[in-house]
Amino acid sequence: MKALVYGGPGRRSWESVPDPSIVEPTDAVVRVDSSTICGTDLHILKGDVPEVTPGRILGHEAVGTVVEVGAAVTTVAPGDRVLVSCITSCGRCRFCKEGRYGLCTGGGGWIFGHLIDGLQAEFARVPFADTSVYRVPRGLSDEQVLFLADILPTAYEVGVLNGRVEPGDTVAIVGAGPIGLAAIMTAKLHTPGRIVAIDLAEARLEKAVEFGADVTIDNGREDAVAKVMELTGGLGADVAIEAVGVPETFELCTELIRPGGRVANVGVHGHPATLHLEKLWIRDVVITTGLVDTSTTPKLLRLIEGGRLDSTQFATHRFPLEQTEEAYDVFGAAAETHALKVVLEGTPVHRELLAREEAFVRG
Ligand SMILES: NC(=O)c1ccc[n+]([C@@H]2O[C@H](COP(=O)([O-])OP(=O)(O)OC[C@H]3O[C@@H](n4cnc5c(N)ncnc54)[C@H](O)[C@@H]3O)[C@@H](O)[C@H]2O)c1
Ligand SMILES: [Zn+2]
Ligand SMILES: [Zn+2]
């Protein structure tokens, strides 16, 4: 088969690799029908994630069709369409039993395109299939569910739920990339009073408005703290969600938060940020961190199935899977291409089969 292989910092190629096969009885092998690229893949290519070694197939988001299952797999069978999430759950360790799959100590957690071969490939081995994949409800397209593999549960769990967004809250979201936009979309499930999106890029702020932000602030040109204070009668935001991953934006969140407010950090940080305890100690501010667990995936899937959430607006570009390298170029140059998420589509044969199945479902 072919796959996108990491060759060390700055190097990647779409090349022939051995087909995956069942290794453990709890494995499945899935044909990838749709995949996508994450900002974290770009971090890996910069060499920021040294656990990823040359030769590793990248990618941790996919919708696919099961082609083979191990002897112990009982809940999915060949032919089933499944969402393969960025987080794998062994189902047995202490953290999996608490629904904190991101912290799995039994061989799961974030492993695809990190510790094992990933999902930007024609086929993939999926460990712990019973406890890790989600069947795609009939009638939903790949694109409707693909972004549940990472950005939606990440923004919802690590941003909105950790930040405990409540009806009426002023929610400041710093960073309007796919994660910040997904935070806007899922914060709205909790009926905030006002969503304030903060970014340096005009195009991203325009997207933020499309996704439902009420106020935008270009913090390259405006004083974001002063503007949030003005909006909130001098108190500050109830919730601040950090969706960038640099020291300045974390520190900005701690400055624009009201006394007793909540700062939810989502960004992946590569450098130390200053925690201004000399100012914060007296302000009763809660600060949370986290890796996504994907424990809300079934809930988000029901919202999509019920037409309450439409995540297809994240898809700005589409490429056949075999053009994954070109897709990386477009995704990596988001400032010029205005890319949010690029969809990598499986071979035409797969697409034809899917179209036939969808036509059958519609009757
Ligand atoms: N915690 C988790 O489980 C988890 C999971 C997935 C992604 N992430 C992280 O979330 C972060 C956001 O992901 P993304 O895909 O949206 O990234 P992205 O790079 O596409 O978006 C970041 C946005 O921040 C803006 N920005 C940059 N510097 C800024 C500044 N100083 N002030 C305001 N805005 C600024 C950029 O213009 C951009 O729109 C990344 O750090 C990513 O690695 C975390
Ligand atoms: Zn990701
Ligand atoms: Zn586990």
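The values are calculated or read from the model by the stated rules, or taken from the named source; none is laboratory data. Note that the coordinates shown come from a computational prediction; the quantities given were computed from them, not determined experimentally. Note that we place each Cβ from the backbone using ideal geometry, even for glycine, and neighbour counts take in every protein chain shown. Remember, those area values only see protein heavy atoms, side chains included, never the ligands or the DNA or RNA. Shrake-Rupley method; radii C 1.70, N 1.55, O 1.52, S 1.80 Å.
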Close pairs from region 233-251: first part of a helix (DSSP H, G or I), partner among the acidic types (Asp, Glu), Cβ under 8 Å, at least 6 apart: Thr249/Glu242; Phe250/Glu242
The conditions are (1) without any contact (Cβ under 8 Å) to a residue 40 or more places away in the chain; (2) in a loop (DSSP other than H, G, I, E, B), and Val76 fails exactly one of them. Which is it? (1)
Considering only residues that are part of a loop (DSSP other than H, G, I, E, B) and open to solvent by less than 50 Å² (accessible area, probe 1.4 Å), look in region 57-71 and name the one that is nearest to Trp110 (Cα to Cα). His60
In the set Leu309, Leu275, Leu300, Leu280, which member is open to solvent by 40 Å² or more (accessible area, probe 1.4 Å) and either in contact (Cβ under 8 Å) with a residue 60 or more places away in the chain or touching a helix residue (DSSP H, G or I) at 6+ places or on another chain (Cβ under 8 Å) (or both)? Leu275
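Here is a yes/no grid of residues against (1) over 21 Å from Phe250 (Cβ atoms); (2) surrounded by fewer than 24 Cβ atoms within 10 Å (Cβ to Cβ):
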position	(1), (2)
Thr186	no, no
Gly193	yes, yes
Leu205	no, yes
Thr216	no, yes
Thr232	no, yes
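Can you find a residue in region 146-156 that is within 22 Å of Val84 (Cβ to Cβ) and away from ligand 1 (no atom under 16 Å from the Cβ)?
Looking only at region 146-156, we keep the residues that are within 22 Å of Val84 (Cβ to Cβ), and these are 146-156.
From what's left, away from ligand 1 (no atom under 16 Å from the Cβ): none.
Checking region 146-156: not a single residue is within 22 Å of Val84 (Cβ to Cβ) and away from ligand 1 (no atom under 16 Å from the Cβ).
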Tally of residues being touching a strand residue (DSSP E or B) at 6+ places or on another chain (Cβ under 9 Å) and within 24 Å of Gly332 (Cβ to Cβ) across region 42-81: 14
Inside region 40-54, can you point out the residues that are exposed (fewer than 13 other Cβ atoms within 10 Å of the Cβ) and farther than 26 Å from Ser89 by Cβ? Lys46, Gly47, Pro54
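For every residue, the table says whether it meets (1) closer than 22 Å to Leu58 by Cβ; (2) more than 14 Å from the chain's Cα centre (by Cα); (3) within 16 Å of ligand 3 (Cβ to nearest atom); (4) outside any helix (DSSP H, G or I).
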site: Cys90; (1), (2), (3), (4): no, yes, yes, yes
site: Gly99; (1), (2), (3), (4): no, yes, yes, yes
site: Thr105; (1), (2), (3), (4): no, yes, yes, yes
site: His114; (1), (2), (3), (4): yes, yes, yes, yes
site: Ala124; (1), (2), (3), (4): yes, yes, no, yes
site: Leu146; (1), (2), (3), (4): yes, no, no, no
site: Ala155; (1), (2), (3), (4): yes, no, no, no
site: Val160; (1), (2), (3), (4): no, no, no, no
Any residue in region 19-42 that's closer than 16 Å to Ile116 by Cα: show its pairings with residues that are open to solvent by 40 Å² or more (accessible area, probe 1.4 Å) and within 16 Å of ligand 1 (Cβ to nearest atom) at Cβ separation under 7 Å, as long as the two are six or more apart or on different chains. Thr40/Val268
Among the numbered conditions (1) more than 16 Å from ligand 3 (Cβ to nearest atom); (2) touching a helix residue (DSSP H, G or I) at 6+ places or on another chain (Cβ under 7 Å); (3) of a type outside the set (A, V, I, L, M, F, W, C), tell me where Gly109 comes up short. (1)
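Could you look through region 10-39, keep only residues that are among the basic types (Lys, Arg) and in a strand (DSSP E or B), and pick out the one that is most open to solvent (accessible area, probe 1.4 Å)? I'd like the intermediate steps shown before the answer.
Initial filter on region 10-39 (among the basic types (Lys, Arg)): 11-12, 31.
Applying the additional criterion that residues be in a strand (DSSP E or B) yields 12, 31.
Values: Arg12: 65, Arg31: 35 Å².
Looking at residues that are among the basic types (Lys, Arg) and in a strand (DSSP E or B), I get Arg12.
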